[in-house]
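The values are calculated or read from the model by the stated rules, or taken from the named source; none is laboratory data. Keep in mind that what you see is a predicted model, and the values were worked out from it rather than measured. Counting neighbours? That spans all protein chains shown, and the Cβs are built from the backbone with ideal geometry, glycine included.
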Amino acid sequence: MDTKTERIVAIYPGSFDPITNGHLDLIGRCSRIADRLIVAILRNESKLPLFSVEERMEMAREAVRDYSNVEVDSFHGLLVDYASEKRATLILRGIRAISDYEYELQMALMNRRLRPEIETVFMMSSEAYSFISSRMVKEVIRLGGDIAGLVPPTVEARLKRRILGAAD
Ligand code: PNS
């Protein structure tokens, strides 16, 4: 995309371990508001993820391939530094329940202090997805529950392979 004509560049940061239909719902909503949306996966050596950053990027890329203005990248260091490097003016975060609020508020205010020109925007996913988290999806599959409809089919297959050692 021509950077001169881009107006709103948004970053949707997170762990995405793995991407869920809740994330995709927000991506769809934000892609209608932003001219360019970058799904940015944190490279965090201190967390022990189920999938490598490359695997998570692959899953996310496949899931967003129908959106022409959405791309997938990874970052390390401060989110606001990455955002300003990308000339983004908006950070997208999802709020599912009140319990998310405190952590999100802290993060948004810290990011604002670091770079006041970047705005954090919170969006609510559809109520159909408001209870989904990557952590819970992994737990449900580990304990033998059904996660169909909560993650894209290719992510479900990968989760089953990784957690249960199942064939496709
Ligand atoms: O999906 P998550 O794990 O809730 O995402 C958290 C994330 C990646 C958005 C947050 O940890 C982050 O931005 N990390 C980068 C380091 C940073 O900028 N820290 C200062 C702001 S709290």
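Scanning for something within 18 Å of HIS23 (Cα to Cα) and more than 15 Å from the ligand (Cβ to nearest atom), does the range 102-112 turn up at least one residue?
Checked the range 102-112: no residue is within 18 Å of HIS23 (Cα to Cα) and more than 15 Å from the ligand (Cβ to nearest atom).
With the condition kept exactly as written, say whether any residue in the range 75-94 is charged (D, E, K, R) and in contact with a Gly (Cβ under 9 Å, 6 or more places away or on another chain). Outline the logic, then answer.
As a first pass, look at the range 75-94 and keep what is charged (D, E, K, R): 81, 85-87, 93.
Imposing the further condition that a residue be in contact with a Gly (Cβ under 9 Å, 6 or more places away or on another chain) reduces the set to 93.
Within the range 75-94 (the criterion being charged (D, E, K, R) and in contact with a Gly (Cβ under 9 Å, 6 or more places away or on another chain)), the answer is yes, since at least one residue qualifies.
Taking the range 22-59 only, how many residues are touching a strand residue (DSSP E or B) at 6+ places or on another chain (Cβ under 8 Å) and either among the hydrophobic types (A, V, I, L, M, F, W, C) or buried (at least 22 other Cβ atoms within 10 Å of the Cβ) (or both)?
Taking the range 22-59 first, the residues touching a strand residue (DSSP E or B) at 6+ places or on another chain (Cβ under 8 Å) are 22-23, 26-27, 29-31, 33-43, 53, 56-57.
After this cut, where a residue has to be either among the hydrophobic types (A, V, I, L, M, F, W, C) or buried (at least 22 other Cβ atoms within 10 Å of the Cβ) (or both) as well, the list is 22-23, 26-27, 30, 33-34, 37-42, 53, 56-57.
Residues meeting the conditions: 16.
Report, by residue number, each residue of the range 105-134 that is surrounded by fewer than 13 Cβ atoms within 10 Å (Cβ to Cβ) and either modelled with pLDDT under 95 or not in a helix (DSSP H, G or I) (or both).
Those that are surrounded by fewer than 13 Cβ atoms within 10 Å (Cβ to Cβ) and either modelled with pLDDT under 95 or not in a helix (DSSP H, G or I) (or both): PRO116, GLU117, SER126, GLU127, ALA128, PHE131.
Does any residue of the range 141-154 turn out to be hydroxyl-bearing (Ser, Thr, Tyr) and farther than 19 Å from CYS30 by Cβ?
As a first pass, look at the range 141-154 and keep what is hydroxyl-bearing (Ser, Thr, Tyr): 154.
Next cut, farther than 19 Å from CYS30 by Cβ only: 154.
Looking through the range 141-154, at least one residue is hydroxyl-bearing (Ser, Thr, Tyr) and farther than 19 Å from CYS30 by Cβ.
How many residues are on the phi > 0 side of the Ramachandran plot and out of contact with any helix residue (DSSP H, G or I) (no Cβ under 8 Å at 6 or more places or on another chain) when one looks only at the range 125-151? Break it down stepwise before answering.
Filtering the range 125-151 down to residues on the phi > 0 side of the Ramachandran plot leaves 144, 149.
Still in the running and out of contact with any helix residue (DSSP H, G or I) (no Cβ under 8 Å at 6 or more places or on another chain): 144.
The qualifying residues number 1.
Does the range 95-104 include one or more residues that are surrounded by 18 or more Cβ atoms within 10 Å (Cβ to Cβ), hydroxyl-bearing (Ser, Thr, Tyr) and either modelled with pLDDT of 95 or more or more than 17 Å from the chain's Cα centre (by Cα) (or both)?
no
Is the range 140-158 home to any residue that is in contact with a Pro (Cβ under 8 Å, 6 or more places away or on another chain), part of a helix (DSSP H, G or I) and more than 10 Å from the ligand (Cβ to nearest atom)?
Going residue by residue through the range 140-158, those that are in contact with a Pro (Cβ under 8 Å, 6 or more places away or on another chain) are 151, 155, 158.
From what's left, part of a helix (DSSP H, G or I): 155, 158.
From what's left, more than 10 Å from the ligand (Cβ to nearest atom): 155, 158.
Yes, the range 140-158 has at least one match.
Just checking, which of VAL80, VAL39, VAL70, VAL53 is in contact with a Leu (Cβ under 7 Å, 6 or more places away or on another chain) and either within 14 Å of the ligand (Cβ to nearest atom) or without any contact (Cβ under 8 Å) to a residue 12 or more places away in the chain (or both)?
Values: VAL39 fails: in contact with a Leu (Cβ under 7 Å, 6 or more places away or on another chain); VAL70 fails: either within 14 Å of the ligand (Cβ to nearest atom) or without any contact (Cβ under 8 Å) to a residue 12 or more places away in the chain (or both); VAL53 fails: in contact with a Leu (Cβ under 7 Å, 6 or more places away or on another chain).
Being in contact with a Leu (Cβ under 7 Å, 6 or more places away or on another chain) and either within 14 Å of the ligand (Cβ to nearest atom) or without any contact (Cβ under 8 Å) to a residue 12 or more places away in the chain (or both) holds for just one of VAL80, VAL39, VAL70, VAL53, which is VAL80.
Inspect the range 129-144 for any residue being hydrophobic (A, V, I, L, M, F, W, C), under 15 Å from HIS23 (Cβ atoms) and over 17 Å from the mean Cα position of the chain (by Cα) and give the result as yes or no. It would help to see each step written out before you state the result.
Start the filter on the range 129-144 by keeping residues that are hydrophobic (A, V, I, L, M, F, W, C), which leaves 131-132, 136-137, 140-141, 143.
Filter again for under 15 Å from HIS23 (Cβ atoms), leaving 131-132, 136-137.
With over 17 Å from the mean Cα position of the chain (by Cα) added as a condition, the list becomes none.
Looking through the range 129-144, none of the residues is hydrophobic (A, V, I, L, M, F, W, C), under 15 Å from HIS23 (Cβ atoms) and over 17 Å from the mean Cα position of the chain (by Cα).
Which of the residues that make up the range 43-59 are out of contact with any helix residue (DSSP H, G or I) (no Cβ under 8 Å at 6 or more places or on another chain) and either closer than 17 Å to PRO152 by Cα or at pLDDT 95 or above (or both)?
The first filter runs over the range 43-59 and keeps only residues out of contact with any helix residue (DSSP H, G or I) (no Cβ under 8 Å at 6 or more places or on another chain), leaving 44-48, 52-54, 56-58.
The answer is SER52, VAL53, GLU54, ARG56, MET57, GLU58.
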